[in-house]
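Please treat every number below as a calculation from the coordinates, not as lab data. Model, not experiment: these values are computed from the prediction. Positions of Cβ are generated from backbone atoms using ideal geometry, with glycine treated the same way; all protein chains shown enter the neighbour counts.
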2 protein chains.
Amino acid sequence: MNKFIPVYEPLFDGNEKKYLAECIDNGWIGANGPFVQKVEKEFAQYCGQKYGSCITNGTAALDVTLKSMKDMYRWEDNSEIIVPTFNIISSVLACVYNKLKPIFVDCENKTFNIDTEKIERHLTKNTKAIIMVHMYGLPSEADSIKQIAEQYNLKIIEDAAQAHGLEYKHQKCGSFGDASTFSFFTNKHICSGEGGIVLTSDEEIINKVNYYKNLCFTKEKFIHYDLGQNLRMTNLQAAVIYAQFEKIEKTIKIKQDLGNIYQDLLSDLPVKLPEKETPYAKNNYWVFPIIINDYLKINSKELATKLREKNIETRPLFYPLHKQPIIKKLGYNDNINRPVSENIYNKGLYIPMGLTLTKDDMKYISDCLHQILN
Amino acid sequence: MNKFIPVYEPLFDGNEKKYLAECIDNGWIGANGPFVQKVEKEFAQYCGQKYGSCITNGTAALDVTLKSMKDMYRWEDNSEIIVPTFNIISSVLACVYNKLKPIFVDCENKTFNIDTEKIERHLTKNTKAIIMVHMYGLPSEADSIKQIAEQYNLKIIEDAAQAHGLEYKHQKCGSFGDASTFSFFTNKHICSGEGGIVLTSDEEIINKVNYYKNLCFTKEKFIHYDLGQNLRMTNLQAAVIYAQFEKIEKTIKIKQDLGNIYQDLLSDLPVKLPEKETPYAKNNYWVFPIIINDYLKINSKELATKLREKNIETRPLFYPLHKQPIIKKLGYNDNINRPVSENIYNKGLYIPMGLTLTKDDMKYISDCLHQILN
């Protein structure tokens, strides 16, 4: 039996240990430490935004961003937010916790990003914003989304959790939103186990985020005019982020090389492989999703089980949000089908894409896939 | 001018650096890492509970605990939770975010903990639980609170954020609640910058906490039946906590020594010093609060300003929750005075109590206080 191949493994071969030791030596391990400040400043700059605010994780970053923008623009309760249905639950949480209503739009079949041609049919007079998510390694159609946003006077929240260093028309993801959020979860191109950041060029948004993430403390210590949360990130997390950020281009190169190897190894399989590129972007392969051809009887769950028996870990693709049991419970379901998302969930999964993956691992994975699918 | 004396400084002279390096070497920096598991198991054991669940911070720990217990015991919306009014905002947040109503009880003048004689007058048929907070270094009257809880069939949530290793009748704080929460914020006896934990001996509570803190993931990955949050703690934070936990008795000793020195230096001042001990406990001096005698005209704000001019940092005491602007905004205010809490806020502050404080620092602080107050 081949050794276990995890779906992801990070790589800490930079200054991670050195910077963590610095935190201990100078006693700065909590929020507002020097690495937190450096990440906020330099990562914002890298992504083409003016300000950054480090947050405990990407889910919380999205939550505090919507909270801040709802407050700032005085969106009423039940205002509607456009959300790609093919997506992790975090954007639903951000909406619901802020008494906003998520409206789900299907994805397109090529990049799994929101189908921009289907957005307008979901707009109402209560729509306030679009959450633009970049999925798996290829960016959303930023220009089309910006055009719709301008036409209908909507704000854009850019969820770039999976898109560190990714470019759309040679412009960095994270630069397109009125506010943008990132995650530094273990499997991200820049990782610190858990972590997140909000970026924006709007001073009022960043001030609100900093207020709400710090328990709504004011200058009069311990007097509160609003309800906040503690979403502060530690300097320890920021130290690792900073070390990872220093080698982001190298990480992207590794992932693209891995992606290209898979493309060659798997090209003859009866599966849809990710696009190597679109007219606007090169894939940076956050993960490597494959979609089993419709005519094969096997579904993604069965394929995952068979691969697991061969010591290969996989992950299902996102379960469409409009189908989630919690959405039904909340009464946010409708009778509209989103067939593309539903199909790719049933027929898709992603295969190992860790930074320490070897060519032998990939050859073994390819052999197993050929054996199962042919 | 004397050098700046911060109100708190941590001390990292144990295995902090070694354990952080281990995280990087073995690649485990995220949630569920070995240090997270060790902290959950061993800290629970130390505090006399069966289970632990590491959380991003103490505020979040309280939030997810109330969420779990509300769900488990099927408390209706607007159920009432007894909360000491002399307290940080976190218990209000935990109540409000879970649609529970905080009911504020004044503190007693000796230890600043909830006045157990005033609890019963605030109970109604909708009261479901008491949040028992241990304030500043001396424990709440656990026996009285437990007796009231039994008599009226209330649950106890023990907020031991400030009470690592503190004992009440030779039993560790954290062992008295149906669930207990701790904070590992920078100024705590065990610190990791940010961090928290929920302890309980109830398997159902810990399962709920683990469910809600991890986005309500189920075995069917990415399918959600409930709304959760991401409140996972990193292995990096847990590594520092574990190193600090190893030397908790030494830390308590340092703080008690500092406390005793202040007691000697300041005994002749017209201020109320903290109790060295109560019939049930020895002070472990999380912080060192002083309350200016009523007959002096100076209030805490003025004293803080004068000390700051001498490069001495202080913190105000907690602003009573029942007086908070946000409580009025939420309609949770009433016309009941809580005079003890109101007075100690006006007349109290706490002075530097960092782990690296020297005798010279303390002598200087004492000299300044004598100069200002005499």
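In whole Å, how far is the Cα centre of segment B:76-155 from that of segment A:216-272? After rounding, the separation between the Cα centres reads 40 Å. Classify chain B as rounded, prolate or oblate from the Cα gyration tensor: take a ≥ b ≥ c as the square roots of its eigenvalues, call it rounded if a/c is under 1.5, otherwise prolate when a/b beats b/c and oblate if not. Since a/c reaches 1.5 but b/c is at least a/b, the shape of chain B is classed as oblate.
Working ranking of peptides A:112-121, B:206-215 by packing, defined as the average number of other Cβ atoms within 10 Å per residue, highest first, is B:206-215, A:112-121. Averaged over peptide A:240-248, the number of partner chain Cβ atoms lying within 10 Å of each residue's Cβ comes to 1.
In the assembly of identical copies, B:Ser201 has its label point, taken 7 Å from Cα in the direction of the beta carbon, separated from the corresponding points by 6.0 nm (ascending, one decimal). Reducing segment A:308-374 and segment A:32-75 to their Cα centroids gives an inter-centroid distance of 30 Å. Look at the dipole of chain B built from charges on Cβ: of B:Phe318, B:Ile290, B:Ala163, the Cα furthest out on the positive end belongs to B:Phe318.
Starting from the label point of B:Glu76 at 7 Å along Cα→Cβ, the same points in the other copies fall at 3.0 nm, in ascending order.
DSSP finds beta bridges in the protein assembly as shown, and of those with both partners inside it, around 60 percent are antiparallel.
Computed about its Cα centre, the charge dipole of segment A:16-246 is approximately 340 debye, with only Lys, Arg, Asp and Glu carrying charge at their Cβ.
Rounded to the nearest 500, the helix-only mean residue ellipticity at 222 nm of chain B stands at -11500 deg cm²/dmol, with each DSSP H run of n ≥ 4 adding -39,500 (n - 2.57).
Using mean Cβ contacts within 10 Å as the protection proxy, how do A:79-89, A:305-315 order, highest first?
A:79-89, A:305-315
Between copies, B:Lys50 shows label-point distances of 5.6 nm, shortest first, with the point placed 7 angstrom from Cα along Cα to C-beta. Within 10 Å of the Cβ of each residue in A:193-204, the mean number of Cβ atoms contributed by other protein chains is 3.
Between B:Asn109 and B:Asn153, the modelled labels are 3.8 nm apart [label points 7 Å from Cα along Cα→Cβ].
Pairs over the 27 Å Cα-Cα cut-off, from the set B:Lys255/B:Lys363; A:Lys118/A:Lys213; A:Lys347/B:Lys219; B:Lys3/B:Lys301; A:Lys101/B:Lys70: A:Lys118/A:Lys213. Taking chain A as a Gaussian network, Cα atoms linked when under 10 Å apart, which of A:Glu141, A:Glu220, A:Glu275 shows the biggest mean-square fluctuation? Highest fluctuation among the options: A:Glu220.
For A:Leu265, neighbours were defined as the other residues whose beta-carbon sits under 13 Å from its Cβ, and their charges (Lys and Arg +1, Asp and Glu -1) total -4. Its Cα centre serving as origin, the protein assembly as shown has a Cβ charge dipole (Lys and Arg +1, Asp and Glu -1) of approximately 420 debye. Peptide A:323-329 has a mean shielding of 3, counted as Cβ atoms of other protein chains within 10 Å of each residue's Cβ.
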